[in-house]
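One structure is given below, encoded as structure tokens.
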Amino acid sequence: MYIRKRMKISLNWLKTILPIDKSPEEIEAILTATGLEVEHFETVESVKGGLKGLIVGEVVECEKHPNADKLNLTKVNTGNGELLSIVCGAPNVKKGIKVIVAPVGTTVHPINGEPFKIQKAKIRGEQSEGMLCADDEIGLGESHAGLRILDDNASVGRPLTEIFEVESDVIFEIGLTANRGDAASHYGVARELATVLNLPLKLHSSELNVKGDKMDLDIKISDPNDCPRYSGVIIENIKIGESPEWLQNRLKSIGLKPINNVVDTTNYILHELGQPLHAFDYDQIKGKSILVRKAKADSKFVTLDGIERSLKGHELMIENAESPMCMAGVYGGLESGVNENTNKIFLESAYFSPDTIRKGAKLHNISTDSSFRFERGTDPNMTTIALKRAVAILSEICGANAISQIIDICDSEKIAPSIVELKYSNIKRIVGIEISISKVKQIILGLGIEITSESEAGLHLSVPRFKSDVTREIDVIEEIIRIHGFEHIPLQQHLKMSLNYKKGGNLREVEQTISHLLRGIGYREIMTNSLSSDKYYEDKSQLVYLSNPLSAEMNVMRQSMLFGALESIAYNKNRKQENTRFFEFGKVYQNKEKGFKEREQLLIIASGMQSEESWEMQAKPIDHYHVKSIIARLGQSFKNTNDIAEIGQVDKKTLQSFGIKDEVYFAIVDWTKLKSSNKEFKLKSIPNLPSVRRDLSLVLDKTVEFKQIQDIVNKYGGSKITSVNVFDVYEGKPLEQNQKSISISIELYDEQKTLTDKEIDPVIDKLIGMFETELKAIIRK
């Protein structure tokens, strides 16, 4: 099973790489079919609301509000022949300026807060027929210092959409699985589409123009296994400032906030090519040397967020001659980062070991866009391409230029591609149909796999490192099927299957029987993740921890299925599904002295009402007895159901941690024991003789449980007793504080004859004696 992480892809951005003219719906279908599941897509605009309804106005009158010192009364010409009376509190409002007007009925979209519609209003007794707008009030920017004053040449009444360019885009949200690091960028997604549609793919390439003297850094790699390739370039004439509008729009479209031109460029490259970059302030590289090595255990490092972190010795660090500058592939350091005074940078582009980066990130519970990609495996051959692209962008947007050639330290053996032999006969055997050789080649080359040689029998392939999950022939065939399309593989007319001649109960049938029973009484089957968080467990001594967890929320194998089910209940209740009744078959795991142990369980869990709301009858809330009755019903299908289930109520503290307000009841069934007690099905005739019922009221200590009463009846009651039930429980006067009264019914039946008092009384008297002896019960007469 692969954990999905959502990734946003811009259609406008894709079109700069791929000449695609498909509709968003068609693109969604293609990507989902290839395994890049599009969870949804939406149309977005570079300015929230698209500035719709806003127009240019001219302030023709401006005077102080008679009832408010900080407000002004204005008359605004919007070109329709009538002046609008608008109350305005901006400090820079005055007669003669051109401003942005939101007339009555316009919906404005502020940077912070929810959209709202402009309505006529009286403000301190004066009529206001619209709003004069600041940047942050309409999504144009962050400023709220005053009104946005337009150029004097702006035509009154002109729509604002004709003055400010608003870019419309379609954003796809893809559920990216951990094995698809090759698609963790716009270029990677475009490669999938290009292969399916057989379109040319454009990789932006730039030649590196070096100006000035060569300025080397002394770079050393401690262990090539941790860092097989390390590239970089020195860039000067950096002028830190805002990025151009096109670059900001690209980042905003996928939910990133622009920071400055250098950081924005590195983020742009990361999301376009999938190659993380890191910019160091060149003047902060002490000794002009860089060492890539494992951290010193117990040393301290302050990351960009200002937090001092204690290093464990497993983190890969980028260090200068005196101190660490960056947690490689994860997070930069506070002192070496780019700031407003930076004018020269060293731009790093590397390929780090996925295992090493994952371990460092998880040790500190850090997840960044860079670590996400390094953990899944980036393309080692993209490091220098990304640097050239970054230099070209920085040169364009702020006049920067490279003053060194690209420094590139590479251990080619560590990043060597996988060699795979592909036989055409195996493709047909596994897929079931014959795919043309030309189609096979087109798919393989489109995915970036190189054909080193070919014969009549098949192909010899060189699979690049970024295809981390393609290392065998069967993996290549899977890629071919994925791109060719499962929908093009016809179903066979004759399906073959093997018969199971094994004697004994069919465990799958047992599971299905219970599933049918539970679904029949309103329960729904769920399947929750077997990975969980150790935060749910107070005693962590027997937890099975993962060596390289994908996140802190999934760092252990679950010891109980209860917490996953509570997450499902909370999810449903947050969506107004108040009555939740679930069951799940699954495994739980423990770390015992003799090794890891796993057990199969059946979880039954419920909250809310036993039935839906109806005028015919009042719905009853789920309680302990409801869950217990289900376990009793399961027992009718099995030989022995003693000590197989734990029935309970989730405590309030746990419910609060999940945000659940209602009571939750559950039963955890030891499925291993239950399925081993499956009994044969036998038919019985409908009873044709009456049964006999006897009621008893027992005064007992409060600590006595009904199960103890039930055990005595089963042990001493004999074969004539068919059931024992509780029909009343009482506490209070005249009973003692530590006492309770339990009223039970005992039913007796004989298939051969009607029972008489002479036969019943000795049985009841014996049970009374045992209740008095073993439970110290007082029989209420």
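The values are calculated or read from the model by the stated rules, or taken from the named source; none is laboratory data. Just so it is clear, the structure is predicted and the values come from calculations on it, not from any experiment. Heads up, the Cβs are rebuilt from the backbone with ideal geometry, glycines too, and the neighbour counts pull from every protein chain shown. Please note that ligands, DNA and RNA were not included when accessible areas were found on the heavy atoms of the full protein model with its side chains. Shrake-Rupley method; radii C 1.70, N 1.55, O 1.52, S 1.80 Å.
Tabulated data
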| read-out | value |
| --- | --- |
| Where a residue in region 303-328 is at positive phi and its partner, wherever it lies, is in a strand (DSSP E or B), with Cβ under 8 Å and at least six apart | Gly313/Lys294 |
| Entirely in region 686-751, the strands (runs of 3 or more DSSP E) that have 1 or more residues that are more than 20 Å from Met770 (Cβ to Cβ) | 721-730 |
| Which listed residue is under 21 Å from the mean Cα position of the chain (by Cα) and within 25 Å of Ile444 (Cβ to Cβ), from Thr177, Thr195 | Thr177 |
| Selection count where residues are in a helix (DSSP H, G or I), modelled with pLDDT of 70 or more and more than 37 Å from the chain's Cα centre (by Cα), scope region 600-646 | 2 |
| Residue in region 732-781 that is modelled with the lowest pLDDT, counting only those that are among the acidic types (Asp, Glu) and under 30 Å from Ile686 (Cβ atoms) | Glu751 |
| Residue selected from region 74-133 under the condition of a type in the set (Asp, Glu) and loosely packed, with under 13 Cβ neighbours inside 10 Å, by the criterion nearest to Arg158 (Cα to Cα) | Glu82 |
| Counted residues, region 419-452 - those being touching a strand residue (DSSP E or B) at 6+ places or on another chain (Cβ under 6 Å) and open to solvent by less than 50 Å² (accessible area, probe 1.4 Å) | 5 |
| Near pairs, Cβ below 6 angstrom, 6+ apart or cross-chain, from region 742-769 (farther than 15 Å from Pro690 by Cβ and open to solvent by 70 Å² or more (accessible area, probe 1.4 Å)) to any residue that is in a helix (DSSP H, G or I) and not small (Gly, Ala, Ser) | Lys766/Tyr716 |
| Residues that are more than 24 Å from Glu479 (Cα to Cα), in contact with a Lys or Arg (Cβ under 7 Å, 6 or more places away or on another chain) and either of a type in the set (Gly, Ala, Ser) or not in a helix (DSSP H, G or I) (or both), drawn from region 11-56 | Ser46, Ile55, Val56 |
| Any strands (runs of 3 or more DSSP E) falling wholly within region 400-458 and containing at least 2 residues that are without any contact (Cβ under 8 Å) to a residue 40 or more places away in the chain | 450-454 |
| Test: Gly458 is in contact with a Lys or Arg (Cβ under 6 Å, 6 or more places away or on another chain) and farther than 28 Å from Thr383 by Cβ | yes |
| Subset of region 517-532 (residues that are under 19 Å from Gln601 (Cβ atoms) and either open to solvent by 60 Å² or more (accessible area, probe 1.4 Å) or of a type in the set (Gly, Ala, Ser) (or both)) | Arg519, Arg524, Glu525, Met527, Ser530, Ser532 |
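This table checks each residue for (1) crowded, with 18+ Cβ neighbours inside 10 Å; (2) touching a Pro at 6+ places or on another chain (Cβ under 7 Å); (3) not in a loop (DSSP other than H, G, I, E, B).
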| residue | (1), (2), (3) |
| --- | --- |
| Glu553 | no, no, yes |
| Gln559 | yes, no, no |
| Gln577 | no, no, no |
| Val588 | yes, no, yes |
| Asn591 | no, no, yes |
